[in-house]
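First the structure, in the form of structure tokens, and then the observations on it.
The values are calculated or read from the model by the stated rules, or taken from the named source; none is laboratory data. Bear in mind the structure is a predicted one, so any value in this text is a computation, not a measurement. Here the Cβ positions follow ideal geometry from the backbone for every residue, glycine too, while neighbour counts run over all protein chains shown. Accessible surface is based on the protein model in full, side chains and every heavy atom, while ligands, DNA and RNA are left aside. Shrake-Rupley method; radii C 1.70, N 1.55, O 1.52, S 1.80 Å.
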Amino acid sequence: MKLKQRVVLLAILLVIFIFTKVFLIDNLDTSAANREDQRAFHRMMAGLRVELVPKLDHTLQSPWEIAAQWVVPREVYPEETPELGAIMHAMATKKIIKADVGYKGTQLKALLILEGGQKVVFKPKRILGFRRAPLVVGRFVNLRTEIKPVATEQLLSTFLTVGNNTCFYGKCYYCRETEPACADGDTMEGSVTLWLPDVWPLQKHRHPWGRTYREGKLARWEYDESYCDAVKKTSPYDSGPRLLDIIDTAVFDYLIGNADRHHYESFQDDEGASMLLLLDNAKSFNLILSFGNPSLDERSILAPLYQCCIIRVSTWNRLNYLKNGVLKSALKAAMAHDPISPVLSEPHLDAVDQRLLSTLATVKQCTDQFGADAVLVEDRMPLSHL
């Protein structure tokens, strides 16, 4: 089964972070309140099946205008999104009117302009999408009839034929003519990511738990167990939600096997108040890469969690509701209607479930050592005092 990481990212993010109510986590609690929480949870689970069909009859706005209005400092799309299926349908089907090389980076990508003027990023076969990530959907693209006729000279110059297959290598740090991405004949399977509105410029930050990528050279967090204490004293991690966003992201990256979050983006001039955006998740669910191996759990990805020993109460509660196979089932439901379904292999689905249990066990170790009141925190708590 082929792996489409960015579609999986969107699916997992929808599953884990679409729940905004705080659920009770005591499985032995049979109170009426807990039963109502469970019923609400199941109603939301049923709503995860996003069918990619147009449902914009009630509005004169284009899907691109609606998606642009959704973006605010703490989410890319709202909890209630009746137009979500229509927007993803448009991403998967709208005519491509221009194609160019992708923005700078290490992975191959192409920048497409869809009918209506919307920018999207097309990535061949590699990909995934919290309400902190731009919308992503799978798409089959005919390179000969859809891309080449509207391609810029810069992109067109990277096209070649290998056997009976149309290929291109684009322009990026690791892009090589000797290692092109090839279609099956003319049809290439990949994903499209919705470009964020230009009114929300991005700021890039070095991840405090980033790796050095130099042989024999360890980052401080890899040998200093008190590293988190230093992080809590530096801006923007000494107040506001940013450190908790880092820990949420560490949990997410551990679930998908992404050990490569060396930088992250946020909206500019936010003084740490806006969300950490998830924009680069290519090193996930990829059997060619060691950290995409479903049988390998890279526990160091969880370093922000087990070194800081704090996590949002809401995140902890949501993760608890996703154990016992619920996460695997929810992922399947969320991805069932994607154009390139099935998206993820059974070994990876099983691995995500197992990593969820490992994450819960890590939090349990923290609560056993420091107490639940110190570990399970709210956004408004001053983190420098924890």
Legend entry - Which numbered condition Ser235 misses (of (1) open to solvent by 70 Å² or more (accessible area, probe 1.4 Å); (2) among the hydroxyl-bearing types (Ser, Thr, Tyr); (3) under 14 Å from Gln307 (Cα atoms)): (3)
Legend entry - In the range 351-373, the residues that are within 15 Å of Ile311 (Cα to Cα), aliphatic (A, V, I, L, M) and out of contact with any Leu (no Cβ under 8 Å at 6 or more places or on another chain): Ala361, Ala372
Inset, instruction - Name the one entry in Glu177, Glu189 that is acidic (Asp, Glu), assigned to a loop (DSSP other than H, G, I, E, B) and either touching a strand residue (DSSP E or B) at 6+ places or on another chain (Cβ under 7 Å) or at pLDDT 90 or above (or both). - result: Glu177
Inset, instruction - Considering only the range 288-371, give the helices (runs of 4 or more DSSP H) lying wholly within it that have at least 2 residues that are at pLDDT 95 or above. - result: 303-308, 346-370
Legend entry - Thr161 vs. criteria assigned to a strand (DSSP E or B) and more than 27 Å from the chain's Cα centre (by Cα): yes
